[in-house]
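Enquirer: Okay, handing you the structure first.
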Amino acid sequence: MARILVADDEEGIRSFLAEALERDGHEVEQAEDGAVALARLQLQSFDVLLTDLQMPEMDGMTLLTRAQEETPETEVIVLTAHGSVSKAVEAMRKGAYDFLEKPVDGPAELRLLVNRAVERRRLKTRAEGARRQRSQLPKLTYGDPQMEPVVDALSKVAKTDATVLLVGESGTGKEVAARAVHEQSARAEGPFVAVNCAALSDTLLESELFGHEKGAFTGAHARRRGRLELAEGGTFFLDEIGELKPELQAKLLRALEERTFERLGGTRTLRADARWVAATNRDLAAMIGEGTFREDLYHRLAVFPIRLPPLRERRQDIRPLAEELLEKIGEELGRPGLALSDEIAAELEAAAWPGNVRQLRNVLERAAILADGSKIGTEHLWLDATTPGAAPSVSGDPETLEDIERRAIEKALDAVQGNRKQAAARLGIGERTLYDKLKRYGLS
């Protein structure tokens with residue numbers, strides 16, 4: 001199924017083309033001239049534009065040029081009157097996929113041409129998506145024996161289409177692991193589509209997951225495809241799955257079991273062929289006991305569960321991870337060659353890292369900003385504060401991880417004047433997770 005826009009000033013031709021394509025299961029919209037068609041292209045995403053060359057307001061050649069500038073991913077097929085093939089050839093030189101002569105005698109040639117254009121669009125999209133993902137892909141760096149069974153499990157499950165549940169504390173690299181599964185799978189050429197379940201309100205999250213129809217809610221001015229639909233042929237990654245409300249859990253269960261869903265406000269049942277990977281930092285078993293997480297959804301997600309150990313359990317990985325992260329930070333700051341001394345590496349390896357790899361990156365980025373040269377010194381390493389120059393806490397008793405976490409939350413809240421959303425972002429956790437920790441530690 002594809003989304004197609006038909007632009008022609010003759011209503012009879014538009015209707016004929018639309019009906020023929022809709023019989024093949026495509027979603028078709030119509031525009032009576034080039035200007036209307038361009039407005040639709042600017043508001044929505046279409047796989048194929050089928051346009052007449054002779055139209056009022058804006059002709060097909062101008063529409064072709066504008067479409068390539070504003071929606072280059074859309075394939076364009078031009079309709080040309082008999083005897084005007086030279087104009088169609090000119091359009092192809094300018095980037096049109098192909099042309100079709102009018103009058104169109106029957107739907108067979110139309111369907112064949114449109115289906116070829118749709119397939120071309122999908123192949124281009126997959127190739128571009130794979131290229132972009134590979135260029136941005138973080139490496140799953142490891143050397144500690146604790147990570148060997150994890151990497152082995154990821155490699156084995158990647159060769160299947162089994163649903164994977166990644167469990168671990170915030171910042172342990174669950175999305176990196178999910179991308180590693182995708183890149184080693186038969187779906188590597190397809191898209192990798194991620195959704196953070198803690199980042200949006202329930203209504204917005206449902207729309208983000210499943211899409212919505214025009215008019216489904218206030219502000220829904222046009223149809224929008226959801227992330228699950230966009231993950232067709234690739235991997236669908238649901239981060240912080242433990243933050244989902246029970247109502248959405250039920251809808252997600254059905255989508256996972258039946259591989260079908262409906263857009264918000266819609267009645268048409270859609271299918272999406274995507275591989276599912278979920279991740280959480282919550283104890284889902286405890287949540288099942290509390291009645292806040294569905295047991296049937298848990299078993300559907302946990303076909304192949306993998307626990308990612310926190311950084312404090314894989315200390316041999318801290319230095320290589322730090323060196324790799326520092327290299328990337330140097331590239332981003334325009335300062336290649338940043339390096340760690342043995343003294344600094346030892347300090348990093350001894351730290352508790354309650355925020356795991358995410359916290360390690362933040363510490364290194366701050367140190368790189370503070371350092372004037374290429375060497376990171378002890379004066380730049382700021383492990384226990386949220387502002388430069390803040391003194392570390394002094395206590396006669398050794399600190400627990402809970403003490404460190406509580407103090408980090410307090411400092412993050414102080415730094416943003418109590419704004420929970422901003423504090424959660426600084427800490428690298430979801431707002432709901434922060435709310436739970438505030439209750440746990442008795443913080444207002």
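The values are calculated or read from the model by the stated rules, or taken from the named source; none is laboratory data. The model shown is predicted, which means the values in this text are computed figures rather than measured ones. We place every Cβ from the backbone using ideal geometry, glycine too, and count neighbours over all the protein chains shown.
Enquirer: Confirm whether Asp52 is buried (at least 16 other Cβ atoms within 10 Å of the Cβ), farther than 21 Å from Arg223 by Cβ and charged (D, E, K, R). Full working, then the answer.
Expert: On the way: buried (at least 16 other Cβ atoms within 10 Å of the Cβ): yes; farther than 21 Å from Arg223 by Cβ: yes; charged (D, E, K, R): yes.
Yes; evaluated as a whole, the condition is true for this residue.
Enquirer: If you don't mind, there's one more thing I want to ask. Select, from Ser135, Ser155, the only residue that is assigned to a helix (DSSP H, G or I), within 28 Å of the chain's Cα centre (by Cα), of a type in the set (Ser, Thr, Tyr) and modelled with pLDDT of 85 or more. Reasoning before the result, please.
Expert: Numbers: Ser135 fails: modelled with pLDDT of 85 or more.
Going through Ser135, Ser155 in turn, the sole match is Ser155.
Enquirer: For the condition of a type in the set (Ser, Thr, Tyr) and within 21 Å of Arg225 (Cα to Cα), what is the one hit in Thr71, Thr62, Thr80? Before the answer, list the steps.
Expert: Working: Thr62 fails: within 21 Å of Arg225 (Cα to Cα); Thr80 fails: within 21 Å of Arg225 (Cα to Cα).
None of the others qualify; the one that does is Thr71.
Enquirer: So the check is Cβ under 6 Å with 6+ separation or different chains; which pairs have a first residue in the stretch 12-27 that's closer than 15 Å to Leu79 by Cα and in the same structural domain as Val104 (by TED's automatic domain parsing) and a second one that's part of a loop (DSSP other than H, G, I, E, B) and modelled with pLDDT of 90 or more?
Expert: What qualifies is Arg14/Asp8.
Enquirer: Sticking with this one: Looking only at the stretch 410-442, how many residues end up being assigned to a helix (DSSP H, G or I) and either of a type outside the set (Lys, Arg) or in contact (Cβ under 8 Å) with a residue 24 or more places away in the chain (or both)? Break it down into steps so the answer makes sense when it comes.
Expert: The first filter runs over the stretch 410-442 and keeps only residues assigned to a helix (DSSP H, G or I), leaving 410-415, 420-427, 431-441.
This time we only want the ones that are either of a type outside the set (Lys, Arg) or in contact (Cβ under 8 Å) with a residue 24 or more places away in the chain (or both), so: 410-415, 422-427, 431-438, 441.
The qualifying residues number 21.
Enquirer: Continuing with the same structure: So, in the stretch 175-196, exactly how many residues are surrounded by fewer than 23 Cβ atoms within 10 Å (Cβ to Cβ), part of a strand (DSSP E or B) and of a type in the set (A, V, I, L, M, F, W, C)?
Expert: Looking only at that region, the number is 3.
Enquirer: Considering only the stretch 239-262, state which residues are in a loop (DSSP other than H, G, I, E, B) and surrounded by fewer than 22 Cβ atoms within 10 Å (Cβ to Cβ).
Expert: In the first step, residues of the stretch 239-262 are kept if they are in a loop (DSSP other than H, G, I, E, B); the result is 240, 244-245, 259, 262.
Listed by number, the residues that qualify are Lys245, Arg259, Glu262.
Enquirer: Considering only residues that are at pLDDT 85 or above and crowded, with 16+ Cβ neighbours inside 10 Å, which ones fall in the stretch 102-120?
Expert: Residues satisfying the conditions are Leu110, Leu113, Val114, Ala117, Val118.
Enquirer: If you don't mind, there's one more thing I want to ask. Checking the structure you have, find out if any residue of the stretch 33-45 is in contact with a helix residue (DSSP H, G or I) (Cβ under 8 Å, 6 or more places away or on another chain), at pLDDT 90 or above and surrounded by fewer than 17 Cβ atoms within 10 Å (Cβ to Cβ).
Expert: Taking every residue of the stretch 33-45 in turn, none turns out to be in contact with a helix residue (DSSP H, G or I) (Cβ under 8 Å, 6 or more places away or on another chain), at pLDDT 90 or above and surrounded by fewer than 17 Cβ atoms within 10 Å (Cβ to Cβ).
Enquirer: Determine, yes or no, whether Asp403 is assigned to a loop (DSSP other than H, G, I, E, B), at pLDDT below 75 and of a type in the set (D, E, K, R).
Expert: No, not satisfied.
Enquirer: Same structure again: Among the numbered criteria (1) surrounded by fewer than 16 Cβ atoms within 10 Å (Cβ to Cβ); (2) assigned to a helix (DSSP H, G or I), which single criterion is violated by Ala222?
Expert: The one condition Ala222 does not meet is (2).
Enquirer: When residues of the stretch 353-382 are filtered for being surrounded by fewer than 16 Cβ atoms within 10 Å (Cβ to Cβ) and not charged (D, E, K, R), how many remain?
Expert: Step one: of the stretch 353-382, the residues surrounded by fewer than 16 Cβ atoms within 10 Å (Cβ to Cβ) are 369-370, 372-375, 377-379.
Remaining after also requiring not charged (D, E, K, R): 369-370, 373-374, 377-378.
Selection size over the stretch 353-382: 6.
Enquirer: Quick check: anything in the stretch 269-283 over 22 Å from the mean Cα position of the chain (by Cα), surrounded by 20 or more Cβ atoms within 10 Å (Cβ to Cβ) and outside any loop (DSSP other than H, G, I, E, B)? It would help to see each step written out before you state the result.
Expert: Restricting attention to the stretch 269-283, the residues satisfying the condition of being over 22 Å from the mean Cα position of the chain (by Cα) are 269, 283.
Narrowing further to those that are surrounded by 20 or more Cβ atoms within 10 Å (Cβ to Cβ): none.
The answer is no; no qualifying residue exists.
Enquirer: Using the structure shown, decide if Gly219 is among the small types (Gly, Ala, Ser), touching a helix residue (DSSP H, G or I) at 6+ places or on another chain (Cβ under 9 Å) and on the phi > 0 side of the Ramachandran plot. Reasoning before the result, please.
Expert: Working: among the small types (Gly, Ala, Ser): yes; touching a helix residue (DSSP H, G or I) at 6+ places or on another chain (Cβ under 9 Å): no; on the phi > 0 side of the Ramachandran plot: yes.
The answer is no for Gly219.
Enquirer: Here is a follow-up. Does Leu228 meet the test of being outside the structural domain of Pro354 (by TED's automatic domain parsing), in a helix (DSSP H, G or I), surrounded by fewer than 22 Cβ atoms within 10 Å (Cβ to Cβ) and not small (Gly, Ala, Ser)?
Expert: So Leu228 fails the test.
Enquirer: Looking at the stretch 214-229, which of the residues that are of a type in the set (Gly, Ala, Ser) and in contact with a Lys or Arg (Cβ under 8 Å, 6 or more places away or on another chain) is nearest to Ser45 (Cα to Cα)?
Expert: Restricting attention to the stretch 214-229, the residues satisfying the condition of being of a type in the set (Gly, Ala, Ser) are 215-216, 219-220, 222, 226.
Retained after the next criterion (residues that are in contact with a Lys or Arg (Cβ under 8 Å, 6 or more places away or on another chain)): 216, 220, 222, 226.
On the way: Ala216: 18, Ala220: 15, Ala222: 10, Gly226: 12 Å.
Checking each candidate, the answer is Ala222.
Enquirer: Among Ala345, Ala322, which is the only one that is surrounded by 18 or more Cβ atoms within 10 Å (Cβ to Cβ) and outside the structural domain of Glu410 (by TED's automatic domain parsing)? Break it down stepwise before answering.
Expert: Details: Ala345 fails: surrounded by 18 or more Cβ atoms within 10 Å (Cβ to Cβ).
Going through Ala345, Ala322 in turn, just one is surrounded by 18 or more Cβ atoms within 10 Å (Cβ to Cβ) and outside the structural domain of Glu410 (by TED's automatic domain parsing): Ala322.
Enquirer: Out of all the residues in the stretch 260-282, which are in contact (Cβ under 8 Å) with a residue 40 or more places away in the chain, of a type outside the set (A, V, I, L, M) and either closer than 22 Å to Lys245 by Cβ or outside the structural domain of Ala178 (by TED's automatic domain parsing) (or both)?
Expert: Step one: filter the stretch 260-282 for residues in contact (Cβ under 8 Å) with a residue 40 or more places away in the chain, giving 261-266, 270, 272-282.
Okay, now just the ones that are also of a type outside the set (A, V, I, L, M), so 261-263, 265-266, 273, 275-276, 280-282.
Phe261, Glu262, Arg263, Gly265, Gly266, Trp276, Thr280, Asn281, Arg282 - these are the residues of the stretch 260-282 that are in contact (Cβ under 8 Å) with a residue 40 or more places away in the chain, of a type outside the set (A, V, I, L, M) and either closer than 22 Å to Lys245 by Cβ or outside the structural domain of Ala178 (by TED's automatic domain parsing) (or both).
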